[in-house]
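The values are calculated or read from the model by the stated rules, or taken from the named source; none is laboratory data. All values derive from a computational prediction rather than experimental measurement. Cβ placement follows ideal geometry from the backbone for every residue including glycine, while neighbour counts extend to all protein chains displayed.
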Amino acid sequence: MNIYVLLKRTFDTEEKITLSNGKINEDGAEFIINPYDEYAVEEAIQVRDAQGGEVTVISVGTEEAEKQLRTALAMGADKAVLINIEDDIENGDQFTTAKIIGEYLKDKEADLIIAGNVAIDGGSGQVGPRVAEILGIPYITTITKLDIADGNVSVIRDVEGDSETIEASLPLLVTAQQGLNDPRYPSLPGIMKAKKKPLEELELDDLDLEEDDVEAKTKTIEIYLPAKKEAGKVLSGEIGDQVNELVQLLRSEAKVI
Amino acid sequence: MARKFLVLGEVRDGSLRNVSFEAIGAAKLAADGGEIVGVLVGDSVQDLGNELIQYGADRVVAVENDQLKQYTSDGFAQALLAVIEQEKPEGIFFGHTALGKDLAPKLAGKLESGLISDVTSIEEEGGNIVFTRPIYSGKAFEKKIVTGGVIFATIRPNNIEPLAKDESRSGDVAALSVDIKDLRTIIKDVVRKASEGVDLSEAKVIIAGGRGVKSEDGFEPLKELAQVLGGAVGASRGACDADYCDYSLQIGQTGKVVTPDLYIACGISGAIQHLAGMSNSKVIVAINKDPEANIFNVADYGIVGDLFEVIPLLTEEFKKLKVNA
Ligand SMILES: Cc1cc2nc3c(=O)[nH]c(=O)nc-3n(C[C@H](O)[C@H](O)[C@H](O)COP(=O)(O)OP(=O)(O)OC[C@H]3O[C@@H](n4cnc5c(N)ncnc54)[C@H](O)[C@@H]3O)c2cc1C
Ligand SMILES: Cc1cc2nc3c(=O)[nH]c(=O)nc-3n(C[C@H](O)[C@H](O)[C@H](O)COP(=O)(O)OP(=O)(O)OC[C@H]3O[C@@H](n4cnc5c(N)ncnc54)[C@H](O)[C@@H]3O)c2cc1C
């Protein structure tokens, strides 16, 4: 089976966010594989191990995403592709990213594409469904279970806590929800092997795309940090009195009850 | 500049979701006096048209078809594309719900349009509709505009005020017949887990438990309090990882991002990933036995104590209030 994983490099979840010149300050920040994309890599490896085939991990970004792609290779993916847009695109959005990925995948005859359900930085959850639409294949988002037999697919989809069992056939794009699996850590031999696995680097030119073809459909005009919260009131006294006071405060001061 | 907007009225268990009324409120802000057309999609939904009008839609287009009984992206996309084709709106708004998140990117992709997801506020600025949305799970915000195609947006529940319901309003509810075919995904079964109680993303009050709750049974007092307050129960990842509750309850950077009026965190330490999911709640209460716990840094009110002692007392107090009211 020909399996592709869409992987985004994101800020570590531990990072505090600061701004410099109106942009998110990346200096000194740690970067990770978007956590949902780790589930995607793990699932792809498991499907390949059960069904045979090959797992290719794709990322659109800058040279720095090589590190996260190598980690995916160390987990067990077979090949990686970095579509480096650093020199070509100044302002991208989800349309841009999906268009680039769609263009790359259009003649690859992918059987299964696995993305994350959402990137924890941009947070839109658009790229998966947009890529499926470009490729003209069906998609199922936020899945927590995936079974494939003879080209027939059965998945469980998390819908705000409810579980839907859905049937579909390949080719298919799915997006990973927490609970799909427990991503493995790269092993030491895995890390050694990853160094020799193919990591192809492409630019827009290689995909027959002009900058105009991928021009963003949205524009960010401002980024700001939420107002700092004033330190709150920690109550004191007998627990019973504290509870009474809290209820009073919620009624008369905060007015939420 | 007056603009025409469509708003999808999302139906669950036969009724419209509150977020759809909020999306109409959002569309009013964006339309600048233009027409708001409500859209209903399902097997039997036309009767709900009036309610969309009472909440501010000028008229409603309903697409009914047996194939639309359950949501599928293929079926709903065909219905909505037909409505968009007929109405030629400047924009279309959805709730940022499981359905809206699944469907809007497909339509925006098809129409090569910009989509702004998870919108928390809207204003009109120099002829542009400016959308505000959280990034980095609420650690920062961005303001965006759509520059290409139809203006698509999904509206986060609980952030934009709906208009007051006006039962004297009336308008046209028209049927549009659409041929729905070639559904490529088939729903075989639905297991309702979330049906008990209020939906987390739309809840006005959330009682969240962490590892301090200690067991599945430990969630019982939290559930009771939630019930008295008409709220929902949520959790930290610590509690989910320990199997005290289902992952669907997880709040945080890799869970749900919520903004209720009142968030009561019980036995949650306040890790940065958890705060990302709840720190924009209007009022935060922390109950934790460790006075140094980080959760107190974002809480409006804190009680240092054992949650198993504090919560039942709280529940009693709120019950008394209810009786007296
Ligand atoms: C050159 C460039 C400039 C940009 N400039 C801006 C800007 O000015 N303002 C702004 O807000 N954003 C900018 N972005 C970021 C971009 O808008 C989004 O971050 C990106 O399109 C993904 O959207 P998202 O974060 O909402 O991901 P989601 O749609 O939430 O991601 C869902 C899933 O899609 C897949 N995916 C997402 N992104 C990628 C990727 N890059 N490679 C592979 N798979 C992916 C992953 O599987 C992920 O889990 C820029 C991006 C590029 C490439
Ligand atoms: C990539 C990544 C993503 C993550 N995403 C999320 C996320 O989305 N959401 C999330 O929540 N976490 C997330 N985490 C995990 C996060 O870092 C913390 O580990 C987690 O939030 C801790 O959960 P907790 O507060 O319940 O547990 P703990 O940190 O163990 O805190 C338990 C608290 O309970 C208190 N307590 C114990 N007993 C009592 C009692 N009887 N009465 C009152 N208080 C008591 C203790 O004092 C303590 O403060 C993520 C981590 C990573 C690495």
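I'm checking my understanding of the structure. Among residues of the range B:272-305 that are assigned to a loop (DSSP other than H, G, I, E, B) and closer than 20 Å to residue B:200 by Cα, which one is nearest to ligand 1 (Cβ to nearest atom)? Explain how you work it out, then say what you get.
As a first pass, look at the range B:272-305 and keep what is assigned to a loop (DSSP other than H, G, I, E, B): B:279-282, B:289-293, B:298-300, B:305.
When the remaining residues are screened for being closer than 20 Å to residue B:200 by Cα, the result is B:279-282, B:299.
On the way: B:279: 20, B:280: 19, B:281: 23, B:282: 26, B:299: 30 Å.
The qualifying residue nearest to ligand 1 (Cβ to nearest atom) is B:280.
Okay, residues lined up against (1) within 12 Å of another protein chain (Cβ to nearest Cβ); (2) of a type outside the set (Val, Ile, Thr); (3) closer than 30 Å to residue A:92 by Cβ; (4) under 15 Å from the mean Cα position of the chain (by Cα):
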| site | (1), (2), (3), (4) |
| --- | --- |
| B:6 | no, yes, yes, no |
| B:16 | no, yes, no, yes |
| B:24 | no, no, no, yes |
| B:27 | no, yes, yes, no |
- request: State yes or no: is residue B:303 more than 7 Å from every other protein chain (Cβ to nearest Cβ) and either free of Cβ contacts under 8 Å to residues at least 60 places away in the same chain or within 17 Å of residue A:256 (Cβ to Cβ) (or both)?
  value: no
Every residue from the range B:139-159 that is more than 7 Å from chain A (Cβ to nearest Cβ) and either surrounded by fewer than 24 Cβ atoms within 10 Å (Cβ to Cβ) or of a type outside the set (D, E, K, R) (or both): B:150, B:151, B:152, B:153, B:154, B:155, B:157, B:158, B:159
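Within the range B:244-266, is even one residue within 7 Å of ligand 2 (Cβ to nearest atom), over 26 Å from residue B:191 (Cα atoms), modelled with pLDDT of 95 or more and surrounded by 24 or more Cβ atoms within 10 Å (Cβ to Cβ)? Walk me through it before giving the result.
Restricting attention to the range B:244-266, the residues satisfying the condition of being within 7 Å of ligand 2 (Cβ to nearest atom) are B:250-255, B:266.
Pick out the ones that are also over 26 Å from residue B:191 (Cα atoms) and you get B:266.
Remaining after also requiring modelled with pLDDT of 95 or more: B:266.
Next, from what is left, pick out any that are surrounded by 24 or more Cβ atoms within 10 Å (Cβ to Cβ): B:266.
Yes, the range B:244-266 contains a residue that is within 7 Å of ligand 2 (Cβ to nearest atom), over 26 Å from residue B:191 (Cα atoms), modelled with pLDDT of 95 or more and surrounded by 24 or more Cβ atoms within 10 Å (Cβ to Cβ).
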query: Looking at (1) away from every other protein chain (no Cβ under 11 Å); (2) surrounded by 22 or more Cβ atoms within 10 Å (Cβ to Cβ), which is the one condition that is false for residue B:276?
result: (1)
query: Scanning for something within 14 Å of chain B (Cβ to nearest Cβ), in contact with a helix residue (DSSP H, G or I) (Cβ under 6 Å, 6 or more places away or on another chain) and closer than 30 Å to residue B:121 by Cα, does the range A:199-216 turn up at least one residue?
result: yes
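Test residue B:208 against the stated conditions and say whether it is touching a residue at least 12 places away in the same chain (Cβ under 8 Å), exposed (fewer than 14 other Cβ atoms within 10 Å of the Cβ), away from ligand 1 (no atom under 16 Å from the Cβ) and among the aliphatic types (A, V, I, L, M).
Details: touching a residue at least 12 places away in the same chain (Cβ under 8 Å): yes; exposed (fewer than 14 other Cβ atoms within 10 Å of the Cβ): no; away from ligand 1 (no atom under 16 Å from the Cβ): yes; among the aliphatic types (A, V, I, L, M): yes.
No.
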message: Looking only at strands (runs of 3 or more DSSP E) that lie completely in the range A:1-105, which have at least 2 residues being under 26 Å from residue A:137 (Cα atoms), within 11 Å of ligand 1 (Cβ to nearest atom) and in contact with a strand residue (DSSP E or B) (Cβ under 8 Å, 6 or more places away or on another chain)?
response: A:2-6, A:54-61, A:79-84
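One residue is enough: does the range B:254-265 have a residue meeting the conditions touching a residue at least 12 places away in the same chain (Cβ under 8 Å), part of a helix (DSSP H, G or I) and more than 8 Å from every other protein chain (Cβ to nearest Cβ)? I'd like the intermediate steps shown before the answer.
Restricting attention to the range B:254-265, the residues satisfying the condition of being touching a residue at least 12 places away in the same chain (Cβ under 8 Å) are B:254-265.
Filter again for part of a helix (DSSP H, G or I), leaving none.
Within the range B:254-265 (the criterion being touching a residue at least 12 places away in the same chain (Cβ under 8 Å), part of a helix (DSSP H, G or I) and more than 8 Å from every other protein chain (Cβ to nearest Cβ)), the answer is no, since none of the residues qualifies.
Filter the range B:174-229 for residues that are among the hydroxyl-bearing types (Ser, Thr, Tyr) and within 14 Å of another protein chain (Cβ to nearest Cβ); which is nearest to residue A:170 (Cα to Cα)?
Our first condition is that a residue be among the hydroxyl-bearing types (Ser, Thr, Tyr); within the range B:174-229, this holds for B:177, B:185, B:195, B:201, B:215.
Okay, now just the ones that are also within 14 Å of another protein chain (Cβ to nearest Cβ), so B:185, B:195, B:201.
Working: B:185: 11, B:195: 32, B:201: 32 Å.
Across the range B:174-229, the extreme among qualifying residues is B:185.
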query: Does residue B:311 count as part of a helix (DSSP H, G or I), buried (at least 24 other Cβ atoms within 10 Å of the Cβ) and touching a strand residue (DSSP E or B) at 6+ places or on another chain (Cβ under 7 Å)?
result: yes
statement: Of all helices (runs of 4 or more DSSP H) fully inside the range B:46-118, the set with 3 or more residues that are over 27 Å from residue B:132 (Cα atoms) and more than 19 Å from the chain's Cα centre (by Cα) is B:73-87
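Tell me, yes or no, whether the range B:149-159 has at least one residue that is of a type outside the set (Lys, Arg) and without any contact (Cβ under 8 Å) to a residue 24 or more places away in the chain. Break it down into steps so the answer makes sense when it comes.
Narrowing the range B:149-159 to residues of a type outside the set (Lys, Arg): B:149-155, B:157-159.
Adding the requirement that they be without any contact (Cβ under 8 Å) to a residue 24 or more places away in the chain leaves none.
Taking every residue of the range B:149-159 in turn, none turns out to be of a type outside the set (Lys, Arg) and without any contact (Cβ under 8 Å) to a residue 24 or more places away in the chain.
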statement: Taking the range A:106-149 and keeping residues within 14 Å of ligand 1 (Cβ to nearest atom), assigned to a loop (DSSP other than H, G, I, E, B) and more than 7 Å from every other protein chain (Cβ to nearest Cβ) leaves A:110, A:117, A:118, A:119
